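For reference, the structure is listed below as structure tokens.
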Amino acid sequence: MSERREELESTILSVLRAALLMNEDEPISTSQSFFDMGLTSLALTEAKERLEGMLGCHISATVLFNSPTVEQMTDHLAGDVLADLFDEHDSAAPGNGKRPLWDDVMRDVAVSE
């Protein structure tokens, strides 16, 4: 589960770096507000739409303002929006013949970058 969470956070950071025109190796604080980072409402909305496409889910615009840090956004996505991917008792667990959905999501993310 921690690896999935790290991948999710990494995906969020990558999208934010692109929105901020930063290089992939430039650090971003996971506890700093999106607006303190320099994101405008428009840039944040565009980043949200890119994340939705990459993750294959809907992210409420109000979450951007209620969860205005990478840490909070990761918590929200892992706990609410993508909760089935972070459930330790998931029916798609290794060994049952089903491939975890997370693998499909991350493969699509890698292809789109």
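The values are calculated or read from the model by the stated rules, or taken from the named source; none is laboratory data. Because the structure is predicted, anything quoted here is derived from the model rather than measured. All Cβ positions, glycine included, derive from the backbone under ideal geometry; neighbour counts span all protein chains shown. These area figures cover heavy atoms from the full protein model, side chains too; ligands, DNA and RNA do not enter into them. Shrake-Rupley method; radii C 1.70, N 1.55, O 1.52, S 1.80 Å.
Let's test the formula: R0 of 22 Å, r as the Cβ-Cβ distance of Ala83 and Leu21. What FRET efficiency results, to the nearest 0.05?
Values: r = 32 Å, r/R0 = 1.47.
FRET efficiency, Ala83 to Leu21: 0.10.
How far apart, in nm, are two points set 7 Å out from the Cα along the Cα-to-Cβ line at Phe65 and at Glu46?
2.1
About the Cα centre of segment 1-40, how large is the charge dipole given +1 on each Lys and Arg Cβ and -1 on each Asp and Glu Cβ? Please answer in debye to the nearest 20. Please report the intermediate quantities before stating the final value.
Values: 3 positive and 8 negative charges, 32 e Å.
In debye, rounded to 20, segment 1-40 gives about 160.
Please list Phe86, Phe65, Phe35 from largest to smallest accessible area, probe radius 1.4 Å, with all protein chains kept in place.
Working: Phe86 35, Phe65 110, Phe35 80 Å².
Putting Phe86, Phe65, Phe35 in descending order of accessible area: Phe65, Phe35, Phe86.
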